[in-house]
Every structure is written in C-alpha cells, then in structure tokens.
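**Student:** One structure, as structure tokens, below. Some questions next.
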Amino acid sequence: MRLRTIALAFALALLGACAGDDNKGPPLTTVSGTVAADAVLAGYGVAVFAPAVELPGEPPNPAAPPATGAWLANGTTGPDGRYSATSFMGTRRPFVIGASAPFTPNSAIVDQRRYKYRSLNSISHRGGDVNVTPLTELLVARLLNRRPSSNDFLPVALQNRTEADVSAARQQVVAYLLNRPSRDDGNVISPVDVSAVTDFAAMPLNTVPGDPHFEALKRFHESLMDSENVQGVDEHMLFGNDPPADLLAMLTLDFMANCTVQGPNNGTGPSGPTRIVLDRRAITLGSVELAFQTGDQLRIEGNALSGTYSWVFNSTSSQANASLTIVTGRLTSVAALFSKCIPQNEVSLSGKHPSVFGLIGLLSQSLGLSREFQCAGPVTYPGFLAAPDSNFLFFDQKGAVRINGLSSPSLHLPSLAVFTIDAVPLVVVAGQVSPIRLASFTASYAVTLADFDAFEVRLTDTGQITGLSLTNAHSDQAQHCGI
C-alpha cells in the first residue's frame with residue numbers, strides 16, 4: 001500500500017513563557033516537541049506563530065509575517081522527529097507550530113504518499129513538549145467544528161478555547177475512533193482504540209515499538225484506506241452524518257453589503273450600501289433584480305485546502321451572471337453586474353452551505369436507481385467490466401466511491417482537495433426554482449501533475465450515468481468510461 005504526507009503540519013499550544021525581567025523587555029520563549037505520524041518526520045521545517053498583540057516594551061520581530069501580524073520562531077525536526085524553536089514571543093498565546101516537508105525532488109512525492117497528511121494541528125494548555133500528530137489534528141478540527149485550511153489563522157481561531165473544551169474534544173475524538181468505519185468496508189465498524197493517549201498534545205511520545213502513544217498512532221494509520229488522509233478523516237468525523245445537500249437552502253440569504261463598481265456596468269450595478277437578497281425567485285441587489293429562469297446554470301467550485309468555495313449562477317438570458325465567494329465557512333463577497341459587494345457583517349451560512357459529505361449524498365441521491373454504466377473502451381483498471389457488461393457505482397458510509405463491490409476499484413472522496421459540481425439546468429415553476437439535481441461531480445487531489453487521484457461522473461437529468469472516470473495514483477490505476 002502506498003501512503004501520503006504532511007505538506008504542512010500545524011501544532012497549536014497554549015504554553016507558559018519563561019520568566020524574564022520586565023525591565024529588559026519580553027523574555028525568550030522556547031517551544032519544543034515531537035512531530036510524528038506512523039514514523040518520525042525528520043528534516044521537516046518548523047515555524048512557530050502567535051497572535052499579534054501590542055504589548056508595552058516589546059520590540060518588533062523582523063521575522064513576523066506582515067499578513068498575520070504574528071511573531072515567529074523557526075526550527076527543524078531532527079532524526080528523532082524532535083524540534084525546538086526560540087524567539088521573543090513574550091506572553092502571546094496561543095502558539096501555532098507549522099511543520100512542512102523538505103522540498104527535495106523525490107521526497108515530496110514519496111512523503112505525500114507515505115504519511116497521508118497535508119496538515120496537522122495540535123492544542124495544549126499546560127506547556128512543556130507539544131506533539132504534532134494525526135490525533136492532535138483531529139482534536140483541533142473537532143474544536144473548530146470544521147476542517148482547518150490554509151486561510152485559517154489558528155492562534156486567533158482557537159484563542160478562546162478552554163482546557164475543559166480541549167478535554168471534551170479529546171473525548172469526542174476517542175469516541176469517534178471507536179466507531180470508525182473499516183478501511184475495507186465503510187459500512188462496517190472497525191474500532192481504533194486510542195484511549196491510552198490521555199493527552200494528545202502533552203503525553204510523552206517515544207517513536208519506538210511498544211510505546212502506547214506511538215502504537216495508537218500506528219493503529220490509526222493502519223485504519224486508513226490507501227487514498228484516505230487525515231483531512232478526509234476530519235470530514236467524516238465532523239460531517240459524516242450530514243443528509244444529502246439541499247442546494248435551495250443557499251437561496252435564503254438577506255444581508256447588507258458595501259458594493260463597489262469594478263467595471264463598465266452602464267450604471268446598472270450597485271454602489272455603496274446595498275441590501276442583497278437571495279431567494280428561490282431571484283438574486284436582488286438593491287433595486288436590481290436578477291430573476292432565475294429555466295435553463296440557468298449553477299456551478300459550485302471548491303478547494304478544501306484553502307477552504308474557498310464559489311457559487312456561480314450563469315444566466316441563459318440577457319441578465320448578468322452572479323457569483324458568491326465563501327472562505328472558511330464565511331460569505332466574503334458577491335459579484336454581479338460588474339460590482340463587488342462585501343457583507344457589512346458576518347452572514348450566517350449554518351445549514352445553507354453544504355459539506356463535502358452533503359454533496360456526496362446529493363450525488364448519490366441524484367443517481368438513477370440502477371446506478372449502472374458501461375465502459376465502451378478497453379478496460380485498463382482491473383475490476384471494471386467492458387461493455388456490454390454493466391458496472392455499478394455506489395458510496396459507503398465513510399464517503400468512498402466503489403465500483404462493482406468491496407474488493408474492486410475505490411477512492412476516498414472526502415480526502416480529495418478540489419471539487420467542481422454542476423447542477424442540472426435550473427427549472428423555474430410559478431416563478432420559483434424547483435429542487436436541484438446534479439449533472440456532474442468532479443473531485444481531485446494532485447501531488448504533482450503526473451501523480452494525482454481523481455473522480456468524475458456525468459449524469460442525465462434523470463440520473464443515468466453517461467460517463468465516469470476514476471484515477472487512483474496509489475495503485476497506479478485509471479479507467480475512463482465515456483469521459
């Protein structure tokens with residue numbers, strides 16, 4: 001079995017700084033710990049971040065990234081996975097530790113396949129060593145109640161979490177893993193017991209056989225499908241029980257925004273404070289109404305690594321198109337009629353913007369009852385059947401797409417990074433958009449241009465599969481059926 005890596009690892013800790021003389025400015029602070037998966041992660045670059053706080057007498061840190069305003073310390077993991085980083089970070093809390101793989105020509109691909117992690121996070125209130133492992137990643141995702149992304153500044157996002165919150169989140173992670181679906185059959189429970197790790201971040205970790213902490217990490221690693229990574233586990237832990245997405249739920253927004261004209265809109269686009277309303281009838285920007293019409297297109301594009309999604313409505317009439325941008329679960333802008341509108345206050349998307357599992361459920365719901373398709377071309381991926389024999393598509397409870405049974409081709413969709421969903425052209429009845437079905441679903445994750453996992457399926461408006469493509473780089477197999 002081939003495995004995947006840490007492209008960027010984060011560990012978050014609320015640590016006590018070393019005592020210092022107030023007359024000499026802020027004290028030096030040292031953060032240290034172990035970065036490990038099912039093996040030590042040696043040679044990884046480590047960066048320690050903290051939230052920006054103006055404190056009297058603290059000199060500026062020239063290494064601080066301007067975009068975050070954070071102070072910064074750097075280090076590198078040794079052969080045993082240990083790191084240590086020191087800087088004048090004063091009393092700023094919490095710390096975020098990011099560990100990234102060395103970018104040598106071959107290690108990036110090898111590590112991406114071996115360790116199965118793009119990023120890891122950790123939180124601790126008690127100081128001392130801070131471990132960076134898959135268990136701490138699950139802990140932080142549980143605290144955030146979403147999958148962390150590159151657009152998150154975690155010291156700020158987690159600074160108000162208490163030690164009681166962390167303890168409760170750990171218990172939830174332990175309970176989840178005890179009810180984790182099997183790697184071989186996602187509809188059957190195969191428990192992963194990590195209860196011996198009483199503190200994911202602070203419990204001593206010796207990366208040697210027999211160490212209870214290390215053995216728990218290995219059990220977790222062994223529970224992953226070949227195409228599954230810890231971010232995919234985040235998705236399943238948080239959203240695995242989500243019902244199929246109802247895309248009409250997004251058409252229930254009403255908020256004030258500040259709009260700026262971006263181009264030659266002939267005076268039709270809004271400018272200044274504007275009320276924006278999305279409902280099943282239209283997108284309304286101030287006095288301008290973009291009514292939905294039968295045949296209009298809806299596309300959802302998402303990047304789970306950055307946490308950025310776009311909802312794009314394309315009109316088939318003379319009306320302008322409109323798009324909504326969502327970053328880390330927040331609506332950040334609406335663009336239409338050459339104007340860009342920024343919400344004046346946070347717009348709640350709870351229950352409106354679907355999770356990856358919600359979209360997978362909608363795809364499953366959009367399929368016809370037979371769920372069959374044929375491959376007219378030559379079969380290159382063992383387990384697929386050539387026409388006139390039929391293939392069958394289904395999804396298990398952990399979000400894996402499977403072809404023709406449990407031992408046949410499969411891919412863990414929630415672990416992929418880039419998603420594109422096209423809806424069947426909208427149908428408007430009595431001025432209202434009817435329930436929305438999917439016309440296509442595409443998902444992929446690329447380590448390099450030549451090394452990637454990918455899935456694509458195309459449907460008719462009645463749910464018949466007209467094309468399907470599946471690439472599993474872990475097994476060096478790919479099959480294209482009508483695509």
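**Student:** Just a yes or no: is a residue in region 237-252 of a type in the set (Ser, Thr, Tyr) and either surrounded by fewer than 16 Cβ atoms within 10 Å (Cβ to Cβ) or not in a loop (DSSP other than H, G, I, E, B) (or both)?
**Tutor:** yes
**Student:** OK, next. Report whether or not residue 478 is open to solvent by 10 Å² or more (accessible area, probe 1.4 Å), out of contact with any Gly (no Cβ under 7 Å at 6 or more places or on another chain), part of a strand (DSSP E or B) and at pLDDT 90 or above.
**Tutor:** Here the answer is yes, as residue 478 does meet what is asked.
**Student:** Okay, next question. Which of the residues that make up region 340-390 are touching a Phe, Trp or Tyr at 6+ places or on another chain (Cβ under 6 Å) and within 30 Å of residue 264 (Cβ to Cβ)?
**Tutor:** 343, 347
**Student:** Pull up region 385-395, narrow it to residues that are touching a strand residue (DSSP E or B) at 6+ places or on another chain (Cβ under 8 Å) and open to solvent by 10 Å² or more (accessible area, probe 1.4 Å), then point me to the one that is nearest to residue 306 (Cα to Cα).
**Tutor:** The selected residue is 395.
**Student:** Shifting gears a bit: Here's a check for you: in region 435-462, which residue that is at pLDDT below 95 and acidic (Asp, Glu) is farthest from residue 475 (Cα to Cα)?
**Tutor:** Selected residue: 461.
**Student:** Here's something else I'd like to know. Within region 201-236, take every residue that is of a type in the set (Val, Ile, Thr) and assigned to a loop (DSSP other than H, G, I, E, B) and give me the one that is farthest from the chain's Cα centre (by Cα).
**Tutor:** Step by step, filter region 201-236, then rank; the result is 208.
**Student:** If residue 269 satisfies every condition in (1) surrounded by fewer than 13 Cβ atoms within 10 Å (Cβ to Cβ); (2) in a loop (DSSP other than H, G, I, E, B) but one, which is the exception?
**Tutor:** Among (1) surrounded by fewer than 13 Cβ atoms within 10 Å (Cβ to Cβ); (2) in a loop (DSSP other than H, G, I, E, B), residue 269 violates only (1).
**Student:** Would you check if residue 29 is of a type in the set (S, T, N, Q), in contact with a Ser or Thr (Cβ under 7 Å, 6 or more places away or on another chain), modelled with pLDDT of 70 or more and crowded, with 16+ Cβ neighbours inside 10 Å?
**Tutor:** yes
**Student:** Among 190, 167, which is open to solvent by 20 Å² or more (accessible area, probe 1.4 Å) and within 29 Å of residue 411 (Cβ to Cβ)?
**Tutor:** After ruling out the rest, the residue left standing is 190.
**Student:** How many residues does region 148-164 contain that are assigned to a helix (DSSP H, G or I), touching a residue at least 24 places away in the same chain (Cβ under 8 Å) and surrounded by 18 or more Cβ atoms within 10 Å (Cβ to Cβ)?
**Tutor:** 2
**Student:** Name the residue, out of 406, 349, that is assigned to a loop (DSSP other than H, G, I, E, B), touching an Asp or Glu at 6+ places or on another chain (Cβ under 7 Å) and open to solvent by 10 Å² or more (accessible area, probe 1.4 Å).
**Tutor:** The match here is 406.
**Student:** A further question follows. Taking residue 465 as the residue in question, decide whether it is modelled with pLDDT of 95 or more, of a type in the set (A, V, I, L, M, F, W, C), buried (at least 21 other Cβ atoms within 10 Å of the Cβ) and more than 23 Å from the chain's Cα centre (by Cα).
**Tutor:** yes
**Student:** Turning to a different aspect of this structure: Quickly run through region 352-365 and pick out the residues that are of a type outside the set (Ser, Thr, Tyr) and part of a loop (DSSP other than H, G, I, E, B).
**Tutor:** Listed by number, the residues that qualify are 352, 353, 354.
**Student:** Among (1) under 22 Å from residue 228 (Cβ atoms); (2) surrounded by 17 or more Cβ atoms within 10 Å (Cβ to Cβ), where does residue 437 come up short?
**Tutor:** Only one criterion is unmet by residue 437, namely (1).
**Student:** Considering each of 369, 362 in turn, give the residue that is touching a strand residue (DSSP E or B) at 6+ places or on another chain (Cβ under 8 Å) and either modelled with pLDDT of 95 or more or aliphatic (A, V, I, L, M) (or both).
**Tutor:** Sole residue among the options that is touching a strand residue (DSSP E or B) at 6+ places or on another chain (Cβ under 8 Å) and either modelled with pLDDT of 95 or more or aliphatic (A, V, I, L, M) (or both): 362.
**Student:** Answer yes or no: is there a residue in region 102-114 that is in a helix (DSSP H, G or I) and modelled with pLDDT of 75 or more.
**Tutor:** Looking through region 102-114, none of the residues is in a helix (DSSP H, G or I) and modelled with pLDDT of 75 or more.
**Student:** Looking at region 350-371 only, could you name the residues that are in contact with a Lys or Arg (Cβ under 7 Å, 6 or more places away or on another chain) and either of a type outside the set (S, T, N, Q) or farther than 24 Å from residue 424 by Cβ (or both)?
**Tutor:** Hits for region 350-371: nothing passes.
**Student:** May I pose another question? Hey, can you tell me all the residues within region 295-340 that are over 23 Å from residue 431 (Cα atoms), open to solvent by less than 50 Å² (accessible area, probe 1.4 Å), among the hydrophobic types (A, V, I, L, M, F, W, C) and not in a strand (DSSP E or B)?
**Tutor:** Hit for region 295-340 is 304, nothing else.
**Student:** Out of 282, 291, which single residue is loosely packed, with under 15 Cβ neighbours inside 10 Å, touching a strand residue (DSSP E or B) at 6+ places or on another chain (Cβ under 6 Å) and farther than 30 Å from residue 469 by Cβ?
**Tutor:** Going through 282, 291 in turn, the sole match is 291.
**Student:** Which pairs turn up if I take residues in region 337-355 that are at positive phi and look for partners that are part of a strand (DSSP E or B) and open to solvent by less than 70 Å² (accessible area, probe 1.4 Å) with beta carbon separation below 9 Å, at least 6 apart in sequence or on another chain?
**Tutor:** That search, which allows pairs on different chains as well, returns 337/261; 337/285; 337/288; 337/290; 337/322; 338/261.
**Student:** OK, next. In region 409-425, which residues are open to solvent by 10 Å² or more (accessible area, probe 1.4 Å) and part of a loop (DSSP other than H, G, I, E, B)?
**Tutor:** Residues satisfying the conditions are 424, 425.
The values are calculated or read from the model by the stated rules, or taken from the named source; none is laboratory data. Small disclaimer: the values here were computed from a predicted structure and weren't measured. Here the Cβ is made from the backbone with ideal geometry for all residues, glycine too, and neighbour counts use every protein chain on show. Note: accessible area is taken over every heavy atom of the protein model, side chains too, but ligands, DNA and RNA are not part of it. Shrake-Rupley method; radii C 1.70, N 1.55, O 1.52, S 1.80 Å.
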